[in-house]
1. From the residues in the stretch 155-198 that are among the hydrophobic types (A, V, I, L, M, F, W, C) and in contact with a Lys or Arg (Cβ under 6 Å, 6 or more places away or on another chain), which one is nearest to Asp212 (Cα to Cα)?
2. Tally time: how many residues in the stretch 76-110 are at pLDDT 90 or above and assigned to a loop (DSSP other than H, G, I, E, B)?
3. Residues of the stretch 45-61 being at pLDDT below 85, closer than 19 Å to Gln119 by Cα and loosely packed, with under 12 Cβ neighbours inside 10 Å, which ones?
4. What do you reckon, is Ala152 among the aliphatic types (A, V, I, L, M), surrounded by 10 or more Cβ atoms within 10 Å (Cβ to Cβ) and either at pLDDT below 75 or assigned to a helix (DSSP H, G or I) (or both)?
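The values are calculated or read from the model by the stated rules, or taken from the named source; none is laboratory data. All values reported here derive from a predicted model rather than from experimental measurement. Cβ sites come from the backbone with ideal geometry, for glycine too, and all protein chains shown count toward neighbours.
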Amino acid sequence: MSFVRTLANRLTPAAVVPRSTLSRSSTIQPQVVALSALSFRLTPFHSSMRPLTAQEISKPKKPGTAYTLFVVERRPNYILENPDVKNTDVFKGLGAEWKMLSDEQKRAYAERIPGLNAQFEDDMKYYVQNRTAEQAAKDDAPKVKRGTSKKAKKDPNMPKRALSAYLFFSNDMRPTLPTDLKITEKAVKLGQMWKLTDEHQRQKYVELASKDKARYDQAMAQYRASLQAPASETDGSESD
């Protein structure tokens, strides 16, 4: 139980409080890095009971720059806030948001890089010492250029996905924006407008999203039933 006590002792209040502002990141980050290092070191304890799996000793990823750190952390929420933006425009939008950050906000990301790089070096040493033979062979194999893979064709009969409250809001507000704005600039502007919208104003769009979800769930149930129907009919004809 010693490793549990050690982990509990390292969970200081600063380590478990969500990072709500960039100004607090410099205080929390050392605790997070220390906790990450500790949890990573706990892996050998598990190995005494069972062999390490490939997932437990997966190859660490290099942190990169302050901008890449911003992109990694911001991208999931950006996609949720801008579901209508194409994948090719996501990074353009993130780049626009990065430019809008103050020097202090950018510096908060930059100050985290040295600690993350040090953690990466430690994690890589552990990975190299404990990786499987298959992982070592894959790491040492010559890099092969990836070919372009064709996307599977989408079934035209599949119901259209339900829209989120934010997307209903965006569809309403987009016509009010200046026509000379780029797609990425509009996405940033709509995100800012949504954040300034109070709960009462959002309720209209929440209700629209709820109704659309019910529509989608019902349509998907019918769609799945239609896919199973031919197979059932075929089985019945064969049994005769």
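1. Ranking the candidates gives Ala162 first.
2. Result for the stretch 76-110: 2.
3. Gln55 - this is the single residue of the stretch 45-61 that is at pLDDT below 85, closer than 19 Å to Gln119 by Cα and loosely packed, with under 12 Cβ neighbours inside 10 Å.
4. Values: among the aliphatic types (A, V, I, L, M): yes; surrounded by 10 or more Cβ atoms within 10 Å (Cβ to Cβ): no; either at pLDDT below 75 or assigned to a helix (DSSP H, G or I) (or both): yes.
So Ala152 does not fit the description; no.
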